[in-house]
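Trainee: Below you will find the structure I want to go over with you.
The values are calculated or read from the model by the stated rules, or taken from the named source; none is laboratory data. Computed from a prediction, not measured in an experiment: that's the story for all the values here. Glycine also receives a Cβ, built like all others from the backbone with ideal geometry; neighbour counts cover every protein chain displayed.
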Amino acid sequence: MTAARALAVTLGDPAGIGPEVAARVLADRLPDARPLVLVGSRWALERGAAAASVALPDIPDVESPAELSSGVGLIDLAGEPSGFEFGVVSSECGSLAVAAVERAARLCMGGEVAGMVTCPINKAAIHAAGFVDDIGHQEILARLTGAGWTATMLMTPGLRVVHLSTHKSLIEAARFVTAENVLSKLQLSNATLTRWGLADARIAVAALNPHGGESGLLGREEIDEIAPAVAAAREAGINAVGPLPADSVFNRAIDGEFDVVLAMYHDQGHIAIKVHDFHASTTATLGIPFVRTSVDHGTAFDIAGEGVADERGLLAAIEAADALAAGQLARL
């Protein structure tokens, strides 16, 4: 397998659990797996390994993925902050976390890697570092690529959910439910899923209001916005249905009736995914010109450095990136 087929893996905020879960994955990594180019700080990875009580394999420093034909290499961003502590918001750690994401994204845009996998960053830390418009990875990647429309898709075995909106307050998320926005996300979802090997995906569209709005008695968004968008999508050849009551649509998808659900806001989709299978859930970003997957958990400052973080999410995210880069979404 050539270096161009490697995946870039960012280590996340050094004060969080990202370096620890990465160290756990690397300690058990199979020698014939896809090459990985870690992007982050060696001192953070070593601290994570110490916290996890695992021994790291030999990981050479590299300047470019072209130097790596197999195994694991590290693009070392260095820069250990003075007085570093696990679980503490630090502008220096926030700056390092964003720098890693930006470096990995540029490797993707330059075709040097097959995709990128991200460990968690901390919103307070990146804001302290001056990135006030970057709420999370999705916003950073949209800024770097100039993407106009992006979306988050959460995946766990048996369930996939795309979100109409993510980082909005609940009242703003409800205002975002317009026919134009719903249709745009359906078009984006269909195009991306097709590119990832899932043509003619069966997309269920969740309702916003309880019981699907009860014919307008509990809200008119289903009548005025969502249903017209679904109709327009179907006219364009997209295999979409809805709006369907949110209290049943996810179970129907788990039973195999749909390939993906379009949720109307952050928690509507996230709760369904995390209740179904939290530890195996991952995130993929739609609308950017390369594959990006992520763990579906945060920096967990409350347990960072304690050696108890679970690496299954990162393993799943690496597997997901490998599948998407090969156009094999259906295998997940």
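Trainee: Look at region 57-73 and say how many of its residues are closer than 19 Å to residue 111 by Cα and in contact with an Asp or Glu (Cβ under 6 Å, 6 or more places away or on another chain).
Mentor: Qualifying residue count for the region: 1.
Trainee: Given the conditions (1) within 23 Å of residue 136 (Cα to Cα); (2) surrounded by fewer than 20 Cβ atoms within 10 Å (Cβ to Cβ), and given that residue 227 satisfies all but one, which numbered condition is not satisfied?
Mentor: Against the list (1) within 23 Å of residue 136 (Cα to Cα); (2) surrounded by fewer than 20 Cβ atoms within 10 Å (Cβ to Cβ), residue 227 comes up short only on (1).
Trainee: Which of the residues belonging to region 90-116 are buried (at least 24 other Cβ atoms within 10 Å of the Cβ), closer than 17 Å to residue 77 by Cα and hydrophobic (A, V, I, L, M, F, W, C)?
Mentor: Selection gives 93, 96, 97, 100, 101, 104, 105, 116.
Trainee: Checking residue 287 against (1) within 17 Å of the chain's Cα centre (by Cα); (2) at pLDDT 95 or above, only one condition comes out false. Which one?
Mentor: Unmet condition: (2).
Trainee: Listed residues 224, 267, 247; which is in a helix (DSSP H, G or I), of a type in the set (D, E, K, R) and over 25 Å from the mean Cα position of the chain (by Cα)? Talk me through it step by step, then tell me what you get.
Mentor: Working: 267 fails: over 25 Å from the mean Cα position of the chain (by Cα); 247 fails: over 25 Å from the mean Cα position of the chain (by Cα).
One residue alone meets the criteria, 224.
Trainee: Just checking, how many residues over region 183-220 are of a type in the set (Val, Ile, Thr) and either more than 15 Å from residue 264 (Cα to Cα) or surrounded by fewer than 18 Cβ atoms within 10 Å (Cβ to Cβ) (or both)?
Mentor: Final tally of qualifying residues: 2.
Trainee: Still on this structure, I have one more. Would you pick out the residues in region 129-150 that are touching a Gly at 6+ places or on another chain (Cβ under 6 Å) and among the small types (Gly, Ala, Ser)?
Mentor: As a first pass, look at region 129-150 and keep what is touching a Gly at 6+ places or on another chain (Cβ under 6 Å): 129, 147, 149-150.
If the condition is that a residue be touching a Gly at 6+ places or on another chain (Cβ under 6 Å) and among the small types (Gly, Ala, Ser), then 129, 147 are the ones that fit.
Trainee: Out of 311, 306, 319, which single residue is surrounded by fewer than 23 Cβ atoms within 10 Å (Cβ to Cβ) and either under 15 Å from the mean Cα position of the chain (by Cα) or of a type in the set (A, V, I, L, M, F, W, C) (or both)?
Mentor: Exactly one residue qualifies, and that residue is 319.
Trainee: Ok, one more. Among the candidates 276, 297, which residue alone is in contact (Cβ under 8 Å) with a residue 60 or more places away in the chain and either outside the structural domain of residue 109 (by TED's automatic domain parsing) or not in a loop (DSSP other than H, G, I, E, B) (or both)? First the steps, then the outcome.
Mentor: Working: 297 fails: either outside the structural domain of residue 109 (by TED's automatic domain parsing) or not in a loop (DSSP other than H, G, I, E, B) (or both).
After ruling out the rest, the residue left standing is 276.
Trainee: Restricted to region 117-135, and to residues that are under 17 Å from the mean Cα position of the chain (by Cα) and closer than 21 Å to residue 309 by Cα, which residue is surrounded by the most Cβ atoms within 10 Å (Cβ to Cβ)?
Mentor: Selected residue: 119.
Trainee: Within region 47-78, restricting attention to residues that are in contact with a Ser or Thr (Cβ under 7 Å, 6 or more places away or on another chain) and surrounded by 15 or more Cβ atoms within 10 Å (Cβ to Cβ), which residue is farthest from residue 28 (Cα to Cα)?
Mentor: 77
Trainee: Assess whether residue 281 counts as being in the same structural domain as residue 197 (by TED's automatic domain parsing) and under 24 Å from residue 113 (Cβ atoms).
Mentor: In short, yes.
Trainee: Right, another one. For the subset of region 57-97 comprising residues that are among the hydroxyl-bearing types (Ser, Thr, Tyr) and not in a loop (DSSP other than H, G, I, E, B), which member is nearest to residue 131 (Cα to Cα)?
Mentor: Ranking the qualifying residues of region 57-97, first place goes to 95.
Trainee: Being modelled with pLDDT of 95 or more, touching a helix residue (DSSP H, G or I) at 6+ places or on another chain (Cβ under 6 Å) and not assigned by TED's automatic domain parsing to the domain that holds residue 6 is true for just one of 230, 261, 241. Which residue is that?
Mentor: Just one listed residue meets the conditions, 261.
Trainee: Applying the selection to region 4-35, what residues are under 19 Å from residue 81 (Cβ atoms) and either at pLDDT below 95 or of a type outside the set (A, V, I, L, M) (or both)?
Mentor: Correct list: 10, 12, 13, 14, 16, 18, 19, 20.
Trainee: Has region 158-181 got any residue that is under 26 Å from residue 222 (Cβ atoms), touching an Asp or Glu at 6+ places or on another chain (Cβ under 9 Å), of a type in the set (Val, Ile, Thr) and surrounded by fewer than 17 Cβ atoms within 10 Å (Cβ to Cβ)?
Mentor: Among the residues of region 158-181, at least one is under 26 Å from residue 222 (Cβ atoms), touching an Asp or Glu at 6+ places or on another chain (Cβ under 9 Å), of a type in the set (Val, Ile, Thr) and surrounded by fewer than 17 Cβ atoms within 10 Å (Cβ to Cβ), which makes the answer yes.
Trainee: Another question about this same structure. Specify the residue that is modelled with the highest pLDDT; the eligible residues are those in region 204-220 that are small (Gly, Ala, Ser) and assigned to a loop (DSSP other than H, G, I, E, B).
Mentor: First pass over region 204-220, keeping only residues small (Gly, Ala, Ser): 204, 206-207, 212-213, 215-216, 219.
Checking which are assigned to a loop (DSSP other than H, G, I, E, B) leaves us with 207, 219.
Working: 207: 98, 219: 93.
Checking each candidate, the answer is 207.
Trainee: Tell me the residue from 253, 231 that is small (Gly, Ala, Ser) and touching a residue at least 40 places away in the same chain (Cβ under 8 Å), please.
Mentor: From the options 253, 231, the qualifying one is 253.
Trainee: Now for a separate question. Among the residues of region 43-58, is any within 22 Å of the chain's Cα centre (by Cα) and among the aliphatic types (A, V, I, L, M)? Write out each step before concluding.
Mentor: If we filter region 43-58 for residues that are within 22 Å of the chain's Cα centre (by Cα), which is where we start, we get 44-45, 48.
Imposing the further condition that a residue be among the aliphatic types (A, V, I, L, M) reduces the set to 44-45.
Within region 43-58, one or more residues are within 22 Å of the chain's Cα centre (by Cα) and among the aliphatic types (A, V, I, L, M).
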